[in-house]
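Chemist: Structure in structure tokens, see below.
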Amino acid sequence: PFGRTPSAVAMQIINYSPVGIVKTFVQNIGRGRFDQRLFSQGIGRGITGTAAIFIGMEMFENDMISLDFPTTEAERNQWELEGRKANSIKVGEKWRSVLPLGPGGMLLILGGQLQQSLDENGSLSQSLLEAGPATAKSFTEQTFLVGINQFAKALNDPGRYAVNVVARTAGSTVPTIVSDVGRAVDPLERRTYVKTEGFEAPFIARVPIARQTLEPRIDVFGSPLARGGNALETMIDPTRPTRIKSDELVEELRRLFDIGFPATPTRFADEKTYTNVLTSEQITYLQEKAGLMLEEKLKNLIAHPEYKKLDDDAKMRKIQEFTNRARVIARAEMVEELVRDLEREELGAKLSELKNEGFMT
């Protein structure tokens, strides 16, 4: 029912909030008389929106709403392990985006942001000041603003973003319905990093069948990332659901993160590292090897009685120690495979290359 332009949605968010109630009174007073129809309409919208804000606050308190995209790598990886997505609400066993709900969804986010600020500082006035800009950030993540934001980044830092923006723009020439069909028939999420997969990767990722030639995205525990929803949801569900994932290890990492001890492993062998010495397929292999090894070790660790006796800071440091060790072992085994059939000059040159690129020490 709402216009989909940024200004239209922003104005409706105001109308469906407590500010809308004040605005209605001011407008009617300014006319010198009360228009009963417009007054009732404005007050009704304001009350409805205020209720949505309160619901958002309650949902945040019960971990049923996620806010804007995490700013730290540790939390981004934690969200990935949990199947959590930004600006979403928990419905059953899935996270569903609130953005298709228009202003109603953004008011839920506003309520969540308000409650988060209240929990952090306890001041209602300060929370009101913080919640608005935070919600505005979530607003910029709406579909119709994503392209604008990416283009602005490319203008401000062309060396870092321009190639990616051009590649993604080329990929956007594939119709959305075609892209949805491609994702519906592919059970996995695919890597589209231009640096490792090539300039054409964003285009290929939107083409049915062809997208399956791209390497899968791998989480920090070595498992390929599955498509968020089933085939039908991928095709027709605008909320883009993702299934909630949880086990004892993921829950322990979440517990530590929430109390200020972020132990979730960072990403390993991504598009910023080892790209000069490993092929895309070798990067996938290394991520799987290191991740699966780490997951097994950490599950054994957190189940050990001695681990349970440690304080939380020591638990975080122990998890980090295991993470570093697993990745060193995985790199060492990878080096053995890379140099297995090399001799003399070739062997020396390869080892020197791996050392110069930081793959081995």
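The values are calculated or read from the model by the stated rules, or taken from the named source; none is laboratory data. Since this is a predicted model, take the numbers as computed values, not measurements. For neighbour counting, all protein chains shown are included, and Cβ atoms are generated from backbone atoms with ideal geometry for every residue, glycine included.
Chemist: For the range 183-203, which positions are of a type in the set (A, V, I, L, M) and in a helix (DSSP H, G or I)?
Modeler: Passing the criteria: Ala184, Val194, Ala201.
Chemist: Considering only residues that are part of a loop (DSSP other than H, G, I, E, B) and surrounded by fewer than 18 Cβ atoms within 10 Å (Cβ to Cβ), which ones fall in the range 39-85?
Modeler: Asn62, Asp63, Met64, Phe69, Pro70, Thr71, Thr72
Chemist: May I pose another question? When you look at Pro305, is it of a type outside the set (D, E, K, R) and under 21 Å from the mean Cα position of the chain (by Cα), yes or no?
Modeler: Taking the combined requirement at face value, the residue does not satisfy it.
Chemist: Anything in the range 331-361 that is in a loop (DSSP other than H, G, I, E, B), loosely packed, with under 14 Cβ neighbours inside 10 Å and either of a type in the set (Val, Ile, Thr) or within 33 Å of the chain's Cα centre (by Cα) (or both)? List them, or say none.
Modeler: Result: Gly358, Thr361.
Chemist: I need the full set of residues from the range 177-205 which are hydroxyl-bearing (Ser, Thr, Tyr) and modelled with pLDDT of 90 or more, in order please.
Modeler: Hits for the range 177-205 are Ser179, Thr192.
Chemist: Test Gly132 against the criterion of being at pLDDT below 85, within 21 Å of Asp68 (Cβ to Cβ) and not assigned by TED's automatic domain parsing to the domain that holds Leu114, and give yes or no.
Modeler: Taking the combined requirement at face value, the residue does not satisfy it.
Chemist: Which of the residues belonging to the range 279-301 are at pLDDT below 95 and of a type in the set (Gly, Ala, Ser)?
Modeler: Selection gives Ser280 alone.
Chemist: Further question on the same structure: For the range 270-308, give me the residue count where each residue is in contact with an Asp or Glu (Cβ under 8 Å, 6 or more places away or on another chain) and buried (at least 16 other Cβ atoms within 10 Å of the Cβ).
Modeler: Looking only at that region, the number is 8.
Chemist: Okay, next question. Please specify each residue of the range 279-307 satisfying the condition of being touching a helix residue (DSSP H, G or I) at 6+ places or on another chain (Cβ under 7 Å) and of a type in the set (A, V, I, L, M).
Modeler: Ile283, Leu286, Ala290, Met293, Leu294, Leu298, Leu301, Ile302
Chemist: Determine which member of the set Leu342, Leu338, Leu351 is of a type outside the set (Val, Ile, Thr) and free of Cβ contacts under 8 Å to residues at least 12 places away in the same chain.
Modeler: Going through Leu342, Leu338, Leu351 in turn, just one is of a type outside the set (Val, Ile, Thr) and free of Cβ contacts under 8 Å to residues at least 12 places away in the same chain: Leu342.
Chemist: Please determine, by comparing only the residues of the range 8-38 that are assigned to a helix (DSSP H, G or I), among the basic types (Lys, Arg) and loosely packed, with under 13 Cβ neighbours inside 10 Å, which one is modelled with the highest pLDDT.
Modeler: Filtering the range 8-38 for residues that are assigned to a helix (DSSP H, G or I), among the basic types (Lys, Arg) and loosely packed, with under 13 Cβ neighbours inside 10 Å, the one modelled with the highest pLDDT comes out as Arg37.
Chemist: Further question: Glu233: free of Cβ contacts under 8 Å to residues at least 12 places away in the same chain, crowded, with 17+ Cβ neighbours inside 10 Å and of a type outside the set (Ser, Thr, Tyr), yes or no?
Modeler: In short, yes.
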